[in-house]
1. Can you tell which of B:Leu228, B:Leu156 is under 27 Å from B:Asn95 (Cα atoms) and over 13 Å from the mean Cα position of the chain (by Cα)?
2. Quick test of your reading of the structure: B:Lys25 fulfils all but one of (1) surrounded by fewer than 16 Cβ atoms within 10 Å (Cβ to Cβ); (2) under 23 Å from the mean Cα position of the chain (by Cα); (3) touching a residue at least 40 places away in the same chain (Cβ under 8 Å). Name the failing condition by number.
3. Out of the strands (runs of 3 or more DSSP E) lying entirely within segment B:45-163, which hold 1 or more residues that are surrounded by 20 or more Cβ atoms within 10 Å (Cβ to Cβ), more than 12 Å from chain A (Cβ to nearest Cβ) and in contact (Cβ under 8 Å) with a residue 40 or more places away in the chain?
4. Please go through segment B:295-312 and pick out each residue that is loosely packed, with under 14 Cβ neighbours inside 10 Å and over 18 Å from B:Thr324 (Cα atoms).
5. Could you tell me whether any residue of segment A:200-221 is closer than 30 Å to B:Lys104 by Cβ, surrounded by fewer than 22 Cβ atoms within 10 Å (Cβ to Cβ) and without any contact (Cβ under 8 Å) to a residue 12 or more places away in the chain?
6. Report yes if B:Thr43 is touching a Cys at 6+ places or on another chain (Cβ under 7 Å) and over 20 Å from B:Thr185 (Cβ atoms), otherwise no.
7. Among the residues of segment B:311-320, are any small (Gly, Ala, Ser) and at positive phi?
8. Could you check segment B:203-290 for helices (runs of 4 or more DSSP H) lying wholly inside it with 3 or more residues that are closer than 16 Å to B:Thr361 by Cβ?
Amino acid sequence: MKDRLRKVLSSAPLHIAILGIALIWSLPSVGLLMSSFRPRNDVLGSGWWTVFQHPFDFTQFQLDNYIHVLTAEGMGRAFLNSLTISIPSTLIPIAVAAFAAYAFAWMEFPGRQTLFVVVVGLLVVPLQMTLIPLLRVYNRLGLAGTFLGIWLAHTGYGLPFAVYLLRNFFGTLPKDLFESAFIDGASHLTAFFRLALPLSIPALASLAIFQFLWVWNDLLVALIYLGGTEAVAPLTLKMANLVNSLGQNWHLLTAAAFVSMALPLVVFLALQRYFVQGILAGAVKG
Amino acid sequence: MASVTYEHVTKCFGDVVAVNDMDIKVEDKEFLVLLGPSGCGKTTTLRLLAGLEEPTEGNIYIEERLVNDVPPKDRDIAMVFQSYALYPHMSVYDNMAFGLKLRKTPKAEIERRVKEAAVMLGIEGLLGRKPKQLSGGQRQRVAVGRAIVREPQVFLMDEPLSNLDAKLRVHARAELSKLHQRLETTFIYVTHDQMEAMTMGTRIAVLRDGVLQQMDTPQVLYESPANLFVAGFIGSPAMNFFEATLVGSVEEMYIDAQSFRVLVPPERAKELKNCLGKDVIFGIRPEDVHDPEFCPPNITAGRVKAKVDVTELMGNEVFLYLLTDSKSFIARVDPRTRARVGDEIEAVLNMDNIHLFDPQTEEAIR
Ligand SMILES: Nc1ncnc2c1ncn2[C@@H]1O[C@H](COP(=O)(O)OP(=O)(O)OP(=O)(O)O)[C@@H](O)[C@H]1O
Ligand SMILES: [Mg+2]
């Protein structure tokens, strides 16, 4: 009993410090969240922290900001556009990269090493360098301003890292497993679908989170290849426009910001189980 | 149900020659053990047959079929890996059924074979578990089961027992032997443990640095090793060796090992007449060195004065570490022995079981 108390006390300073840092870290987001639910006059008249003066007075919160932003300001449309862009832009590169990574890890073919080095080398190419040449090609092919165009662009930008990460992960899977499968009668395709993929779920999930967040938060690539038209603009673009047009309307901007943050949060929370597993998988053997 | 032939097979990894001119024939239904120290090319020999490595030179046949260019899945073999290589995300049942499913075996047939193998190995209660929920011994049995259900022509096993504790290993050893008798299939089994080799193999192939040293039944290997390496490798404790010279005459030939001199039995001396006067390496197994008080009758005795340096009681026997001059050797004697550390005894060598080797070629002198 006494030991236990001492244990709790001795780790208390650490816990308090961590808690403090976490609080400071999340303060801006909390403020954003509070403001997004407050009426316009309240936001302009007092700081968000004043809501804590009457913590149980729920009349100081309302959903009007969200309703307004999603309908009148076109955030709803932008949200759908963002989804239309992000989901294929996440799935396509991961699918392609998984096949490539398997080949790099487990198939013997001439030039394998060189090709892999080239792919990894592409990691250092700044994407800004590719914008103009690629856009010219897109214009000629009629891909500029289409969703297909931006899917391909994100696939291209995401592939080198995805191939690199997955190849390294596949490479750490025990060789015996694959050899055993080949003796059991598996082809490379079977080994890929029945062994490599199921055993790499943590890596695939981590990669999906990274790629999804990167595409979701991307402004530059969308602006260049899609242009700013209402029909195709994603959330990031819309947000940038809203800051111009609604500069003083904090109650609306905060709501809009939260709309754009909501999905990444959900994705992260849904996949974080695998994410943590992925980090641990390398550390704990067995 | 097939014989296996290695025809002058060589495998190089860059500069390393892992298998050097391997030329052996494994008969149908045989239990061949590949035995040798670490790095001698046992695993490579096995992997060549499995099709996981391509021979640099030479041909490999399963039955009459040349399999050099046949991919692993078409060789009709099954392999148990040292790590077991169980598929971690599949249940025990699915692990065992995997190969059959890939071969489009009917579902009912798969179920029948998996159940049968599971009962045979005593793992029928574990079919729903994942590999990580199994103990080492259970995993080993699942790995064997996965090989059995395929009903292959040849079983390959790469040190399947090395991850088990000593007791379990003895048990599993007996089970594998039984399995071999029951399945009547060719087994090729890799180990660096000579006890496993001696107890399980119908024949043993001893390898050293990729070169086959001797291939024969355990009995022959033990009683007449072909060279110094095999003699020293097989048997525990290892055979005692002395640098010696053959002196005297054909009628009265002695082995002179400086610190002692023993008479060669006359029949043996006749066979050795060409070696008279030559340097040899004289080998004698510890169990052929006796305590004079408990010496079995009817042996041709050679007497060696020695001092007892260390005694080790093993329960049913005692190891005496003896010294003649500064040369040390081991005797494996009756547990009733009264020899104590520091005693001078006159150890009795059983001269009917001596081994002589050429010091240059290290080959046995017959
Ligand atoms: N893929 C490889 N690349 C290069 N050298 C290799 C390779 N595989 C094996 N070797 C070498 O070939 C030799 C024989 O290796 P092998 O694995 O057959 O030994 P082993 O008899 O199975 O040893 P152990 O009892 O330790 O398993 C060793 O010197 C090893 O270093
Ligand atoms: Mg080995």
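1. Numbers: B:Leu228 fails: under 27 Å from B:Asn95 (Cα atoms).
When all the criteria are applied, what remains is B:Leu156.
2. Just one mismatch for B:Lys25, condition (3).
3. Values: elements: B:57-62, B:77-80, B:154-158.
Those strands (runs of 3 or more DSSP E) span B:57-62, B:154-158.
4. Within segment B:295-312, B:Pro296, B:Pro297, B:Asn298, B:Glu312 qualify.
5. no
6. On the way: touching a Cys at 6+ places or on another chain (Cβ under 7 Å): no; over 20 Å from B:Thr185 (Cβ atoms): yes.
No.
7. The first filter runs over segment B:311-320 and keeps only residues small (Gly, Ala, Ser), leaving B:315.
Still in the running and at positive phi: B:315.
Yes.
8. Numbers: elements: B:218-223, B:228-233, B:266-271.
Counting at least 3 such residues, we get B:228-233.
The values are calculated or read from the model by the stated rules, or taken from the named source; none is laboratory data. Not measured: the values here are computed from a predicted model. Note: ideal-geometry Cβ built from the backbone for every residue, glycine included; neighbour counts use all protein chains shown. To get the accessible areas, we keep the full protein, side chains included, count just its heavy atoms, and leave off ligands, DNA and RNA. Shrake-Rupley method; radii C 1.70, N 1.55, O 1.52, S 1.80 Å.
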